[in-house]
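Engineer: Below are the structure tokens for one structure; questions will follow.
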Amino acid sequence: MQSQQPATGAPPAVPPAPPQPRRRTAATALALVAGLVLGAGAVGAGWALSGGDGAPAAGTSPAGDARAACQALGGFEESAYGTKGPEGDIAVNRYAAAGALSAAAAAGDASYEPLAGAVRRSQERHARVFAFDAQARHDLDEARRICAALP
């Protein structure tokens, strides 16, 4: 039998802790940058292939944007908003388009600010309560009345 020898002061080696998993922030940032670069390239290619010279397309104006916003509102059904499937997708996109186009019209001509304001108030109210309550419907009705009065 061998006798055990006393420890000489050095504790047994502890294996190092496994490395922390790498965060995905670098991969996410790289994917975001790549998406932006590819998107910008696609827009540039489309512009170059269309022969665009930077001038606005024929018929675009604040009045045209306001009419387009009203057309989007005309096809928008509040009851379809948030439903699954194509009807819900159409409603979401028409509501968003009405907001963007009315804002563009107001940016180009301040006389369209009441239309943009009514659509914006409706969208902000919907975002707060996640429903088309009486106030959101009132603002939508106001926007539709303004649309009806447009030339």
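The values are calculated or read from the model by the stated rules, or taken from the named source; none is laboratory data. All values derive from a computational prediction rather than experimental measurement. Methodologically, a virtual Cβ is constructed for each residue, glycine included, from the backbone with ideal geometry; neighbour enumeration extends over all protein chains shown. The area values use the complete protein model at the heavy-atom level, side chains included, leaving out ligands, DNA and RNA. Shrake-Rupley method; radii C 1.70, N 1.55, O 1.52, S 1.80 Å.
Engineer: Of all residues in segment 101-110 being in contact (Cβ under 8 Å) with a residue 24 or more places away in the chain and assigned to a helix (DSSP H, G or I), which is nearest to the chain's Cα centre (by Cα)?
Structural biologist: L101
Engineer: Against the condition under 15 Å from R94 (Cβ atoms), among the charged types (D, E, K, R) and open to solvent by 30 Å² or more (accessible area, probe 1.4 Å), how does R144 come out, does it pass?
Structural biologist: Working: under 15 Å from R94 (Cβ atoms): yes; among the charged types (D, E, K, R): yes; open to solvent by 30 Å² or more (accessible area, probe 1.4 Å): yes.
So R144 passes the test.
Engineer: From (1) open to solvent by 60 Å² or more (accessible area, probe 1.4 Å); (2) farther than 19 Å from S61 by Cα, pick out the condition that doesn't hold for A118.
Structural biologist: Going through the list (1) open to solvent by 60 Å² or more (accessible area, probe 1.4 Å); (2) farther than 19 Å from S61 by Cα, A118 breaks only (1).
Engineer: All but one of (1) among the small types (G, A, S); (2) under 21 Å from the mean Cα position of the chain (by Cα); (3) modelled with pLDDT of 95 or more hold for A80; state the number of the condition that does not hold.
Structural biologist: (3)
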